[in-house]
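Contents: one structure, followed by commentary.
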Amino acid sequence: MKQTTRVGLVTSGGDCQGLNAAIRAVGKALHQFLPNVEVYGMYDGYRGLIDCDYKYMEYKDFSGIITEGGTILGTSRQRFIPGKMIVDEEGNDLMPNMLDTYNRLNLDCLVIMGGNGTQKSAKLMMDAGMNVITLPKTIDNDIWGTETTFGFQSAVDIATMVIDYIHPTASSHSRIFVVELMGRDAGWLTLHAGLAGGADGILIPEIPYDFDKIVEGIEARKRTGRNYSILAVAEGAVSSTDKKLSEDERRRLTETMGHSTISYRLASELQAATGQSTRVTVPGHFQRGGSPSPYDRVMATRFGVAAARLIRDRQYGYMVAIQDGVIVPVPLEEAASQTKFLDVDTNLVLRTARDIGIFFGD
């Protein structure tokens with residue numbers, strides 16, 4: 001009798017476009033590659049492993065989902081102590097529960113789809129004795145070892161559309177618009193959407209801004225007859241002054257000034273400094289929603305099929321990545337080792353933005 005390969009699927013952390021396309025690709029490719037395979041979907045991310053809450057997935061479950069946003073399995077965020085353990089709200093180690101579910105289902109491998117934090121927690125699971133393969137999923141594009149992640153391009157498309165739609169109203173009312181985009185502590189999404197959407201200024205975490213430089217950029221536009229300005233601002237953007245403060249000090253400063261995010265604080269300061277009406281637009285979770293773009297459907301499918309190949313060949317402990325246009329396995333310990341930030345000295349997209357006059361507040 002031929003051996004049955006048992007695989008668990010986990011979608012972890014924040015949702016994004018392309019997760020269902022990846023689930024579909026892993027499931028369909030496994031059935032193509034292996035004569036006997038069983039696939040189990042863990043409900044709500046790591047919670048499914050912790051509580052042994054799962055679904056046996058039939059082949060038909062992988063059909064008709066490539067266009068759907070979110071994840072059919074559900075997801076959740078789980079606390080973890082970097083380099084040590086995954087814990088609950090009280091700090092109790094949850095790894096024994098997860099390992100118990102893994103062994104109870106007699107799994108050969110877990111395919112874990114997640115962002116930067118998920119790569120780190122998956123590494124802990126690998127160290128605990130589970131076979132793991134990960135897929136790089138995040139709109140932030142901040143995972144080390146891969147040129148891009150699935151979910152990123154879909155979010156860029158949405159964020160660009162938001163900036164596109166701001167242009168007419170900004171021009172009509174001669175206003176400054178601050179469009180706050182996601183990305184956590186990395187500026188990939190804001191940079192790409194800002195350039196594509198025709199933003200006049202782009203503020204990203206990797207380049208702490210000088211407020212006076214932003215004002216100079218806006219005033220220079222006025223002198224050439226351009227009566228409005230659009231700033232694409234990353235949620236993690238920080239001024240050169242605030243950069244010197246600790247994270248707790250910055251949070252207390254924001255609370256003291258009564259602004260919910262950096263964009264509202266910046267808009268208030270710009271209106272006072274320029275005398276020009278200023279507004280804030282925050283698309284928020286719109287950027288993570290909706291149907292995945294064709295690009296992300298293809299990327300997620302390529303990643304998922306590559307994961308299935310690794311399982312077929314019993315090569316575990318890797319994150320599937322793309323480098324120089326080629327899908328490659330990257331050791332999970334390498335992918336989990338650090339965050340991929342923009343290199344402000346070498347990034348060609350950033351250089352292009354500067355070369356057409358977009359200002360970065362530096």
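The values are calculated or read from the model by the stated rules, or taken from the named source; none is laboratory data. The model shown is predicted, which means the values in this text are computed figures rather than measured ones. Positions of Cβ are generated from backbone atoms using ideal geometry, with glycine treated the same way; all protein chains shown enter the neighbour counts. For accessibility, only protein heavy atoms count, side chains too; no ligands or nucleic acids. Shrake-Rupley method; radii C 1.70, N 1.55, O 1.52, S 1.80 Å.
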Please list the radius of gyration and Dmax for the chain, considering alpha-carbon atoms only, with Å as the unit. 22.2, 80
Starting from the Cα gyration tensor of the range 1-138, take the square roots of the eigenvalues, sort them a ≥ b ≥ c, and report rounded, prolate or oblate (rounded when a/c is under 1.5, otherwise prolate if a/b is larger than b/c, else oblate). oblate
Take the solvent-accessible surface of the protein heavy atoms, probe 1.4 Å, and return the percent of it on the range 214-362 that carbon and sulfur atoms account for. 50 percent
HN-Hα J in Hz across the range 106-112 - Karplus 6.51, -1.76, 1.60, θ = phi - 60°, x for Gly and Pro: 6, 6, 8, 6, 10, 9, 10
For the range 204-275 and the range 60-126, what is the separation of their Cα centres, given in Å? 37 Å
Computed FRET efficiency, Cβ-Cβ of Asp324 and Leu348, R0 22 Å: what is it to the nearest 0.05? 0.95
Which percent, nearest 5, of DSSP beta bridges in the chain are antiparallel? 30 percent
Give me the angle, in degrees from 0 to 90, between the Cα long axis of helix 116-127 and the longest principal axis of the Cα atoms of the chain, rounded to the nearest 10. 30 degrees
Got a sec to turn the phi values of the range 179-185 into Karplus ³J(HN,Hα) couplings, 6.51 cos²θ - 1.76 cosθ + 1.60 with θ = phi - 60°, whole Hz, x for Gly and Pro? 9, 8, 10, 6, x, 6, 9
Please list Lys244, Lys137, Lys222 from largest to smallest accessible area, probe radius 1.4 Å, with all protein chains kept in place. Lys244, Lys222, Lys137
Relative contact order %, the range 64-138, counting alpha carbon pairs below 8 Å whose residues are six or more apart: 27 percent
Choose one answer from Thr149, Thr281, Thr71: the residue with the largest mean-square fluctuation in a GNM of the chain with alpha-carbon springs under 10 Å. Thr281
Please label the shape of the range 129-249 as rounded, prolate or oblate, based on the square roots a ≥ b ≥ c of the eigenvalues of the alpha-carbon gyration tensor (a/c under 1.5 means rounded; beyond that, a/b larger than b/c means prolate, else oblate). oblate
Just from its helices, what would the mean residue ellipticity at 222 nm be for the chain, if runs of 4 or more DSSP H residues each count -39500 (n - 2.57) and the sum is divided by every residue, rounded to the nearest 500 deg cm²/dmol? -12000 deg cm²/dmol
Entries in Lys28/Lys340; Lys28/Lys55; Lys213/Lys244; Lys28/Lys137 that, when Cα-Cα distance is taken, lie over 22 Å: Lys28/Lys340
For Leu181, the residues 5 or more places away or on another chain with a placed amide H closer than 5 Å to its own amide H are Val233, Ala234, Glu235
Run a plain Debye calculation on the range 257-315 (Cα atoms as equal point scatterers, no solvent) and give log10 I(q)/I(0) at q = 0.14, 0.15, 0.26 Å⁻¹, rounded to two decimals, same order as the q list. -0.64, -0.66, -1.01
For the range 25-86, what is the accessible area per residue in Å², given a 1.4 Å probe and the full set of protein chains? 49 Å²
Counting only C-alpha contacts under 8 Å and six or more residues apart, can you give the relative contact order of the chain as a whole percent? 23 percent
Springs between alpha-carbon atoms under 10 Å, Gaussian network over the chain: tell me which of Asn36, Asn131, Asn92 tops the mean-square fluctuations. Asn92
Relative contact order %, the range 209-362, counting alpha carbon pairs below 8 Å whose residues are six or more apart: 25 percent
Per the C-alpha gyration tensor (a ≥ b ≥ c, the square roots of its eigenvalues), the range 180-252 is rounded if a/c is under 1.5, else prolate if a/b beats b/c, else oblate; here it's oblate
Helix 152-173 axis, angle to the chain major axis (alpha carbon atoms, nearest 10°): 20 degrees
